[in-house]
Amino acid sequence: MPDFVPHTAGTSHAAIIQGTKPALINWVAAIFAAIGTFLFGYDSGIISSVISTSYDEFQDYFGHPGAGITGAIVSVFAGGAFFGALLAGYTADKIGRKRTIQLGALIAIIGEWQRHVPRCAIQAGAANAGMLIAGRAIAGLAIGVLSMIVPMYQAEISPPHVRGLMSGWTQMMISWGFFVANWIGYGCQFIHNQGQWRIPLAIQIIPAIFLLFGMFLLPYSPRWLAKQGRPDEAKAALIRLHGGANRARTDVVEAEFAEMEMQIEWERENLSTNFKDLFNTRPNLHRTVCGVLVQAMTQWTGVNVNNYYGPTIYNGLGYTGNTVLMIQGIYGAWGVVCTWTFITFIVDRLGRRRPLIIGSALLACCLAWQAGCSSAFATPGYSNSHTGIAGIASIFMFSWVFSWSFGPVSWIYQSEIFPTNLRALGTSASTASNWLNNVLISQITPYGFDHISWRYFFVYMACNLSNCVVSYFLFPETKNKTLEEIGLLFGDTNVRVAPTDDAATLTDKDGRKGEHRHLEAGQSENHHTHNNEHEYGHEHGGQAVLQQV
């Protein structure tokens, strides 16, 4: 049992909890909920194997589909996910974060049921591209719900100093999903009947069932409970998340609960919750633009060009046959290792902002490298194993940089920048932005490769250079701040955080200063003030000093 540390009046929750270890239930809840994003990674990854030329049973069954059908099979999944993300924005507040995760799992089960069971009853009904596309759309709806709600749930149950690590399990499990999908895809190519493509598509029903029933055992988000006017249940959930009544530190629980209740109570009395509130003030507009852009920028890094069309790219580098899916499998394993290293050792030390800036520049370099290698193979009859290896190395380097930047950070960032009253809607809009851009990229990529070949990589190189500039000027740093304190970074004047007796300054370790934001205990602004008197509390995109007196 940890030593009891008496609560010091005026000490903020972030200061009290700094250095404490998360309870086991924190890890269990964060990682188990991320099964939802495992499904995201698996369903996104398996399609690259299924539509590849190595899956001759699939190609024969659907008459060797062209770029239009292939693009539809891939992009309709993202289209369903777009609407799923919007749906989750409503249900997250209506039925809660936990139940919304279960809703996503249930839809996933239905999607797989619809896609495969008709084959047993009416074989012709499951033997056409229309049925497959319909199943992909339903599965996409589920993944949209899960990709929006899982990082949000993780953020709300995590201590601030390890929130990056715990929310980073969203991307970690996406990487695991791709890893498993790639190796199942590799193994199933050796099946010489319809099971070659039906089995890998059906397997994902198993984790969906585990997620649906397992979530009954995990806690609700205490912030959602408090927002629903259930303070006793919210405090009980907090105590459980801190290790239970016998292990929880009273000072930590009380500080977190007081800060949370103070903020939620003010929001309940003074603020509304609808989509127009995402844009009606300068701070809200800033954070909405940040959330939507960080997800759109993630897509335009070019990551899903490599993920969805990896086999096509490897063919273009001179690799054929089983080697293509073998490389894809190793690529998935590499992503798992890189993501785990970043979320475990780096993100809560280096923060969110710097990885986005540096990562954008490095991703542009990787794509230039990849384009250079691919261009050589555009010459008829060209064959050089060393150039092919260099091309594969550029793809693996891209994966490394992405796993240390936009991959985890985009999910972490969108889930922590919105206030409680707008967190569900803001996270929903941000995730929908991800999937909307995913649809576009999925649809145009086959045509991009067909018409401009290796030059298509330059499109994403330019996007990454743009991402670097936007990240520098727009995104504040949020590491080690409570979800309530982050409001100060965006210029909110309505943030209720416990004042410190000594006017302590919360500042980033690099020491750069922005404007001071002063809040007195019990300070009260009316709604008119909230809507019209806002200043940015950051400099150069968000390095800030947060002072409370």
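The values are calculated or read from the model by the stated rules, or taken from the named source; none is laboratory data. All figures in this text were calculated on a predicted structure; none of them were measured in a lab. Heads up, the Cβs are rebuilt from the backbone with ideal geometry, glycines too, and the neighbour counts pull from every protein chain shown. With ligands, DNA and RNA removed, areas are computed over all heavy atoms of the protein, side chains included. Shrake-Rupley method; radii C 1.70, N 1.55, O 1.52, S 1.80 Å.
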Checklist entry - So which residues in the range 444-469 are open to solvent by 40 Å² or more (accessible area, probe 1.4 Å), among the aromatic types (Phe, Trp, Tyr), farther than 12 Å from residue 365 by Cα and modelled with pLDDT of 90 or more, if there are any at all? => result 454
Item to check | Enumeration of residues in the range 338-378 that are within 25 Å of residue 312 (Cβ to Cβ), open to solvent by 80 Å² or more (accessible area, probe 1.4 Å) and without any contact (Cβ under 8 Å) to a residue 12 or more places away in the chain | outcome: 365
Checklist outcome for this item: Scanning the range 33-58 for residues that are under 23 Å from residue 327 (Cα atoms) and open to solvent by 20 Å² or more (accessible area, probe 1.4 Å) gives 38, 51, 53, 54, 56, 57
Next on the checklist: Condition (residue is out of contact with any Gly (no Cβ under 6 Å at 6 or more places or on another chain), under 25 Å from residue 158 (Cα atoms) and aromatic (Phe, Trp, Tyr)) applied to the range 389-404: is it met by at least one residue?
Outcome noted: yes
Next on the checklist: Just to be sure I understand, how many residues within the range 195-230 are in a helix (DSSP H, G or I), modelled with pLDDT of 90 or more and open to solvent by less than 20 Å² (accessible area, probe 1.4 Å)?
Outcome noted: 9
Item to check | Flag if residue 144 is in a helix (DSSP H, G or I) and farther than 19 Å from residue 27 by Cβ | outcome: yes
Checklist entry - Can you pull out the residues in the range 58-74 that are among the polar types (S, T, N, Q) and modelled with pLDDT of 85 or more? => result 59
Item to check | Listing of helices (runs of 4 or more DSSP H) fully contained in the range 21-97 that carry 1 or more residues being within 20 Å of the chain's Cα centre (by Cα) and closer than 19 Å to residue 214 by Cα | outcome: 24-33, 35-50, 67-94
Item to check | Within the range 471-488, considering residues that are crowded, with 20+ Cβ neighbours inside 10 Å and of a type in the set (A, V, I, L, M, F, W, C), the one modelled with the highest pLDDT | outcome: 475
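Per-residue answers, yes or no, for (1) acidic (Asp, Glu); (2) free of Cβ contacts under 8 Å to residues at least 60 places away in the same chain; (3) within 30 Å of residue 185 (Cβ to Cβ); (4) open to solvent by less than 10 Å² (accessible area, probe 1.4 Å):
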residue	(1), (2), (3), (4)
279	no, yes, no, no
287	no, no, no, yes
292	no, no, no, no
304	no, no, yes, no
307	no, no, yes, no
319	no, no, yes, no
323	no, yes, yes, no
Next on the checklist: What are the pairs with Cβ atoms under 6 angstrom where one residue, in the range 412-437, is free of Cβ contacts under 8 Å to residues at least 40 places away in the same chain and the other, located anywhere, is outside any helix (DSSP H, G or I)? Sequence gap at least six, or different chains.
Outcome noted: none
Checklist entry - Does the range 393-414 contain any residue that is more than 22 Å from the chain's Cα centre (by Cα), surrounded by fewer than 24 Cβ atoms within 10 Å (Cβ to Cβ) and assigned to a helix (DSSP H, G or I)? => result yes
Item to check | Any chance residue 245 is part of a loop (DSSP other than H, G, I, E, B) and free of Cβ contacts under 8 Å to residues at least 40 places away in the same chain | outcome: yes
Checklist entry - All but one of (1) of a type in the set (A, V, I, L, M, F, W, C); (2) closer than 25 Å to residue 353 by Cα; (3) surrounded by fewer than 17 Cβ atoms within 10 Å (Cβ to Cβ) hold for residue 275; which doesn't? => result (2)
